[in-house]
Each structure stands twice: as structure tokens, then as C-alpha cells.
Amino acid sequence: MAASIGGFIVQGRRVGIAAVVAFALIGAACSGGSSVPSSSGDAAHPSGELRLYSYADGFDDDYMKTFYETYPDIDLKTAAFGSNDEAVSKLLAGFQADVVNSCVDEATAEMVSKGLYAPLDESRLENWDDIWPSMKTLPGVVVDGKPYIVPVDAGTAGIMYNADEVTTPPDSWTDLFDPQYAGKASMEDISVTAIDIGALANGISDPIGMDASQLEMVKQFLIDHRSQFRTFWKGEADIKSQFKNGEVVIASGYPDTAESLREQGVNVQFVAAREGQMLWTCGYGITPEAKNLDAAYALLNWYTSLPPQIYAATNFGYVTSNSKIVDNVPQSVLDASGLTGFVGGASGSSDVNLIPASPPDDPSAWRAAWTEVKAG
């Protein structure tokens, strides 16, 4: 079978760094499967090639340091995508990987239903019992009693703005559509994120539960306001560049991105919009094509072990999935990452409308609507 090598420099939805990656792109279509293939080799000392397809932060060099130290014989090949929309499209077109990252609100359940994930052998998931129970109940994580991904991290999305340019702090999704920011606003190029924002800006408090007529209304609203946005950003490097260059002053985004920009001298602040605070949860699963299962399970178990979990909470500001983290980081990290509220079962004040980490019933319809918006 002929294979070509694809090179990428891509940013992820979550915090990430630019990465030049090489990855095998095999022309055969992805095949579904109902079970993970059998494994061979030394499970205690896995070796050989392993192909990872992920948001870029999933293989950040500093983040991955302890993985490479622990598994020096695994040859990890990495490729990054800019959204799960992109990942699903490429995987269905034949792009092959062994371990794939997905976010519950974007595409995890869809990827399970389309055979892009194989069920996991729970007996090989070393930290499964330590994963927060609420994360295991999210759509696509466990299907028909079988786990398909291991949740790894979570967080919130909201509004970023340059406080030197936007003197009245925004507090509403409608502020993204304020005419005074025409041509200087940006929104992330992810269908579920953009349509959620359009719905919330139009008073729909439960975007995930929209019917077809509401989706059509939101689509038309976004088309009508297409010129409001200078661009739809793809990855952290993209939106950071736009803020640094003064191209945009307000955008949808994440608290860790705003913090990173402040560290680089740009006074970008983050606020959760009053209409609704969008939540995300992401994790990793194994594809039916994976052959090096010892290495694949080693990677999944590493992601949910304490060293990377502590790193992600401390450096990325993520809510992490291993419940033992609460005894292994200072209170300041728990507070900054949002783990304090998560541990306590609270999510802030009682009047906050939380948009759960769940996908729409018909992701393809949302994806098609967003494609029309961008083309409008």
C-alpha cells in the first residue's frame, strides 16, 4: 500500500504551540470495527511507532516530557487538527491514526457512531477508577456500557477582549455583534461554538436543544452579520497574532489564551458571557486500525496519570480528569483552573446558564449551516 507523508503546522482549539509534524497519510478509507484488535509485544515496555492525531496542545513538548522519559522506545508520530469538524472529515476520507483526540461537545459521540473509535478494554485503563464520575457520563465517553475515550481535560469558553481598546468590558455574546467592533471581531471556526454563540445572542438559552427552524434562524443571523467578523480564527497562534497586530479587539476564546497574551504584553482579558458559559471536555480513544495497542494504552494511561494532569492544570489552567489531582496541587492551582468549583459540585453563581459539554443531535446539520455562514 502506497503511503505519503503530510506535514502540518496547526493550532488546536485549546491552548497549544505551533508544531511541525509528520504523519502517515494512507489512502485507504477508514474501516469501522466493533472491537480493538488483539495486542502483541511487551506491554510493560512498549515500543515501536504510534500515530497520534490531536489538538496541538496534546503533544506540546513540555507537556509530553514525562511521556518521552517514561517510554523512550515509543516512536510517537504526531499530527494536529484545528477542530473536530476537520478531524472527522479527514478520518472519514482515509487519514489514519492510532490514537485520536476528540471533544465531547464537538464530535465524540459522532466518532463512535461512525466507527472511528473502537471500544476500549477497561482492564487496561490504569486510571479509569480515578476519573471524575461526571466526566464518564458525558455523551460518547461510555456507549452501551463500553468506554470509547478516556476524558483528560475540560474548561470553559467565553469572550476575550483587548482592555486597552474596549473600555467598557463586554458581558454578553451580543457584544461580539456590536457595530462598533465591525471588522475587528473574530470568532472561532468551530461549528458548534459559532452556532452556540449565535443562538445565545438571540435569546435561545438551550442551543443544544434547538429545532430545525431555530437552527435556520441562527444560521441566517450569522450570515447577516458575516461582515462583522474580520476572520474566523483557527488555532491559538492565529487569534494571538490577530490581537497582537491590532487586527481584532474582541473575539470568542478561552481564559488560558487571554492569560498567555497578557504575559506577552497585550492586555487581553477574558469574561464569561451572561447568556451562557460554554463548557468543553476532551479526551483520547483508539481507532479500529491501531495495531500497536501496547503503545496506545501506554499513551492513554500517561494522559490520565498525575504528572501531565498536574502540568495541564498548572500551565494550561484546565480542569483535569484524574480526581487525585486535588491532593497534589496547591489551592491556588485548584482555584485558577476551576477545579475548586468542580470538586465542590458548584459551577459559580446559581444564575449562570451552563451550556454542557454535549453535541447537538444532528452535528452534520450544524456543520452544514456553519459552512453556509462562512461562504455567505
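The values are calculated or read from the model by the stated rules, or taken from the named source; none is laboratory data. Treat the numbers as computed from the prediction; the structure is a model and nothing was measured. All Cβ positions, glycine included, derive from the backbone under ideal geometry; neighbour counts span all protein chains shown. Keep in mind that these areas ignore ligands, DNA and RNA; they rest on the heavy atoms of the full protein, side chains included. Shrake-Rupley method; radii C 1.70, N 1.55, O 1.52, S 1.80 Å.
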Paramagnetic reach from Ala44 in the range 58-100 [backbone N under 18 Å; point 7 Å along Cα→Cβ]: 70-74
FRET efficiency, Asp171 to Ser89 (Cβ-Cβ, R0 25 Å, nearest 0.05): 0.10
Computed accessible area, Glu247, all protein chains, 1.4 angstrom probe, square angstrom: 60 Å²
Per residue solvent-accessible surface (Å²) - the range 61-177, probe of 1.4 Å: 37 Å²
Other-chain or far-sequence residues with amide H under 5 Å of Ile355's (modelled H): Gln277, Met278, Leu279
Model label zone, Asn267; criterion: amide N under 18 Å from point 7 Å along Cα-to-beta-carbon; scope the range 162-186: 162-171
Reachable lysines, given that their alpha-carbon falls under 27 Å from the alpha-carbon of Lys234 and they are not under 8 places away in the same chain: Lys65, Lys77, Lys90, Lys114, Lys184, Lys219, Lys244, Lys374
Nearby aspartates and glutamates by direct alpha-carbon distance to Lys240 (threshold 18 angstrom, same-chain neighbours under 8 apart not counted): Asp57, Asp60, Asp164, Glu165, Glu188, Asp189, Asp256, Glu259, Glu263
In Hz, Karplus ³J(HN,Hα) per residue of the range 330-336 (6.51, -1.76, 1.60; θ = phi - 60°; x = Gly, Pro): x, 4, 4, 6, 4, 5, 5
Two-site label geometry, Thr231 and Asp129: point separation in nm, points 7 Å out along Cα→Cβ: 4.9 nm
Residues Thr137 and Asp73, FRET efficiency given R0 of 30 Å [Cβ-Cβ distance, rounded to 0.05]: 0.25
Contour excess over end-to-end distance, with Cα ends at Ala212 and Asn315 and 0.36 nm allotted per residue: 33.1 nm
Cβ-Cβ FRET estimate between Asp178 and Asp61, R0 fixed at 51 Å, reported to 0.05: 0.85
